[in-house]
Structure formats: structure tokens, C-alpha cells
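Worksheet for the structure shown next.
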Amino acid sequence: MTTEIKIGQVWQEIDSRPGTAFHRTVVGIAPDGRVILGYAHGSRLTTKAKPERFNGKRGGYQLIKDVS
């Protein structure tokens, strides 16, 4: 799966453990190329992930909502 990562997209980490299905919104791209994700519940907390993880496979992220 090859999807262009864009600011505003919503992704969900693929994890089979209960209570881990949080949605994250792409809020930017860091200078080192990692994707900056914001938490959907309105917090100012962010996390960074390698772009390789946005592949729809276990241990990665799957696209929930794309931007126009």
C-alpha cells in the first residue's frame, strides 16, 4: 500500500491489544522526515513516526480519513 502522507489525514495504529485503537492526525513533517502526529482528543501532545510505518500492516498505521 502506497499512500502519500499529507497534513490533516487521520491514521490509526494497527495493534490488536484492547484499548489501543487511537486515531492520530498528521500535523506536520519533521526536518528529519518523520511524520508528526497529534492526538485526536484535543491534546497538544504529539508523537513522531517513521514514514515506513504508514503501510497498513501490523505494527504500522492504517489510513482512516484522507484529506481532499
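The values are calculated or read from the model by the stated rules, or taken from the named source; none is laboratory data. Only a predicted model underlies this, so the values are computations on that prediction, with no experimental measurement involved. Please note: Cβ atoms are built from the backbone with ideal geometry, for glycine as well, and neighbour counts cover all protein chains shown.
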Scan the range 19-26 and tell me whether some residue there is in a loop (DSSP other than H, G, I, E, B), modelled with pLDDT under 90, surrounded by 10 or more Cβ atoms within 10 Å (Cβ to Cβ) and of a type in the set (Ser, Thr, Tyr). yes
Could we say that Val35 is surrounded by 11 or more Cβ atoms within 10 Å (Cβ to Cβ) and touching a helix residue (DSSP H, G or I) at 6+ places or on another chain (Cβ under 8 Å) here? yes
What number of residues within the range 27-49 satisfy the criterion of being within 15 Å of Lys65 (Cα to Cα), at pLDDT 80 or above and out of contact with any Leu (no Cβ under 9 Å at 6 or more places or on another chain)? 1
Can you tell me which condition Lys57 does not meet? The list is (1) out of contact with any strand residue (DSSP E or B) (no Cβ under 8 Å at 6 or more places or on another chain); (2) at pLDDT 95 or above; (3) among the charged types (D, E, K, R), and all the others hold. (2)
